[in-house]
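Contents: one structure, followed by commentary.
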Amino acid sequence: MSGLKYKRVLIKLSGESLCEKGGSGIDSGAAKLTAEKIKEAVQAGSDIAVVIGGGNLLRGAALSLSSDMIPRDTADYMGMLATVINGSALCEALKSVNVPAAVLSALPVKALNEEFTSAAAEMHFQAGEVVILSGGTGCPFFSTDTCAALRACQIRADLIVKATKVDGVYTEDPIKNPDAELIEKISFSEIISNDLKVIDHTAMTLCRENNIPLRVLNMFKKGNIIKAVQGERVGTEISA
C-alpha cells in the first residue's frame, strides 16, 4: 500500500483487549475484533509485533499489594505467565482471520511458544508473520510498557502504537472533565515533567534515548491503525 511511513511497528495492547468491556478472562468475540484491527496494519504493509498485557487475567503488582503472602517478584512472574496465556489466545485469534502469527516469550512454554531472541523475531518477520511477544521482560519489577519499549529497541521498530479505547492523551482525565482537550503532539520530556499517566518513565526513557516515537490512539476506531502506520495525524504523537 502506498504511503507507508513506518515499516516495522510494535503495537502495545492491554489484556482487556481480549475481553468484553468491564469484564475479565478471554472472550472469543473481543479477541477476534482485536485480531481484525491488527490485520489492518498487516495489510497496510508493515511488519507487526505485538506486546500484550495480562490484566484481564491477573495484575502482578496489584496482587502483591493486596497480599502479605505473595512477594512482588513472585506476583510479577505470575503476571508474566498471564501474558503468555494471552499471547497464545491472540495468536489463535489472528490465525482465525487468516493472519499468520508466532509467539515468542521471555518465559518460553515449549508446547505453546519459543524463546524470544532478536534473531528469532527477524526470522518470523521475514516469513510474513505477526510476532507476538509475551512473558514480559522475563524479569520482575518491570511493566509491560517497559517490555514494549525494550522489545521495540531490540527488533528495531520504527514506531510504537499504544492501542487504547480512548482517542489519545488529554490535558486531564476526559471522564472526570468533559472539557479536557486532546493533545495532538507532545515530547517525552513534557510527559515526564507534567507527570501524565501515559506509559511509565522507564519505557519513555528507552524510547527517547533510542529515538522511537510513540503514538497513543483508539485502535478500535475505524481506520486509525492504518493512519498510524502511514504517518497520518491520529491520536497523540509522543516523540523526542
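The values are calculated or read from the model by the stated rules, or taken from the named source; none is laboratory data. Here the structure is a predicted model, which is why all the values come from computation and not from measurement. Note that we place each Cβ from the backbone using ideal geometry, even for glycine, and neighbour counts take in every protein chain shown.
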Open item on the list: Taking the criterion of being crowded, with 16+ Cβ neighbours inside 10 Å and among the basic types (Lys, Arg), would at least one residue in region 139-154 satisfy it?
Closed with: yes
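Would you confirm, using the coordinates I've provided, whether Gly128 is within 15 Å of the chain's Cα centre (by Cα) and at positive phi? Even if it seems obvious, please write down each step before you answer.
On the way: within 15 Å of the chain's Cα centre (by Cα): no; at positive phi: yes.
No: the conditions fail for Gly128.
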- [ ] Output the residues belonging to region 135-157 that are assigned to a helix (DSSP H, G or I) and within 13 Å of the chain's Cα centre (by Cα).
- [x] Thr144, Asp145, Thr146, Cys147, Ala148, Ala149, Leu150, Arg151, Ala152
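State yes or no: is Ser24 closer than 30 Å to Gly168 by Cβ, among the hydroxyl-bearing types (Ser, Thr, Tyr) and not in a helix (DSSP H, G or I)? Give the steps one after another, and end with the answer.
Numbers: closer than 30 Å to Gly168 by Cβ: yes; among the hydroxyl-bearing types (Ser, Thr, Tyr): yes; not in a helix (DSSP H, G or I): yes.
Against the criterion (closer than 30 Å to Gly168 by Cβ, among the hydroxyl-bearing types (Ser, Thr, Tyr) and not in a helix (DSSP H, G or I)), Ser24 qualifies.
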- [ ] Taking only region 140-179 into account, find how many residues are more than 27 Å from Val229 (Cβ to Cβ) and either in contact with a helix residue (DSSP H, G or I) (Cβ under 8 Å, 6 or more places away or on another chain) or of a type in the set (S, T, N, Q) (or both).
- [x] 3
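Could you please find all residues in region 49-83 being of a type in the set (Gly, Ala, Ser) and surrounded by fewer than 17 Cβ atoms within 10 Å (Cβ to Cβ)? Don't jump to the end; show me each part of the working.
Our first condition is that a residue be of a type in the set (Gly, Ala, Ser); within region 49-83, this holds for 49, 53-55, 60-62, 64, 66-67, 75, 79, 82.
If the condition is that a residue be of a type in the set (Gly, Ala, Ser) and surrounded by fewer than 17 Cβ atoms within 10 Å (Cβ to Cβ), then Ala61, Ala62, Ser66, Ser67 are the ones that fit.
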Open item on the list: Just checking, does region 84-91 include any residue being at pLDDT 95 or above and surrounded by fewer than 19 Cβ atoms within 10 Å (Cβ to Cβ)?
Closed with: no
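So which of Asp173, Asp167 is touching a residue at least 40 places away in the same chain (Cβ under 8 Å), of a type outside the set (Ser, Thr, Tyr) and in a loop (DSSP other than H, G, I, E, B)? Before the answer, list the steps.
Details: Asp173 fails: touching a residue at least 40 places away in the same chain (Cβ under 8 Å).
Every option except Asp167 fails the conditions.
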- [ ] Determine which member of the set Ser105, Ser46, Ser118 is exposed (fewer than 15 other Cβ atoms within 10 Å of the Cβ), touching a helix residue (DSSP H, G or I) at 6+ places or on another chain (Cβ under 6 Å) and closer than 26 Å to Leu214 by Cα.
- [x] Ser118
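State yes or no: is Glu184 under 29 Å from Ala44 (Cβ atoms), at pLDDT 85 or above and surrounded by fewer than 20 Cβ atoms within 10 Å (Cβ to Cβ)? Quick ask: steps written out before the conclusion?
Numbers: under 29 Å from Ala44 (Cβ atoms): yes; at pLDDT 85 or above: yes; surrounded by fewer than 20 Cβ atoms within 10 Å (Cβ to Cβ): yes.
Spelling it out, Glu184 is indeed under 29 Å from Ala44 (Cβ atoms), at pLDDT 85 or above and surrounded by fewer than 20 Cβ atoms within 10 Å (Cβ to Cβ).
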TODO: Would you mind finding the one in Lys21, Lys32, Lys7, Lys37 that is of a type in the set (Lys, Arg) and in contact with a strand residue (DSSP E or B) (Cβ under 7 Å, 6 or more places away or on another chain)?
DONE: Lys7
TODO: Look at region 39-96 and say how many of its residues are within 15 Å of Phe141 (Cα to Cα), of a type in the set (D, E, K, R) and not in a helix (DSSP H, G or I).
DONE: 1
- [ ] Could you list all residues from region 97-107 that are among the small types (Gly, Ala, Ser) and either part of a strand (DSSP E or B) or without any contact (Cβ under 8 Å) to a residue 24 or more places away in the chain (or both)?
- [x] Ala101, Ala102, Ser105
Open item on the list: Given the condition surrounded by 17 or more Cβ atoms within 10 Å (Cβ to Cβ), among the polar types (S, T, N, Q) and part of a helix (DSSP H, G or I), answer yes or no: does some residue in region 207-226 qualify?
Closed with: yes
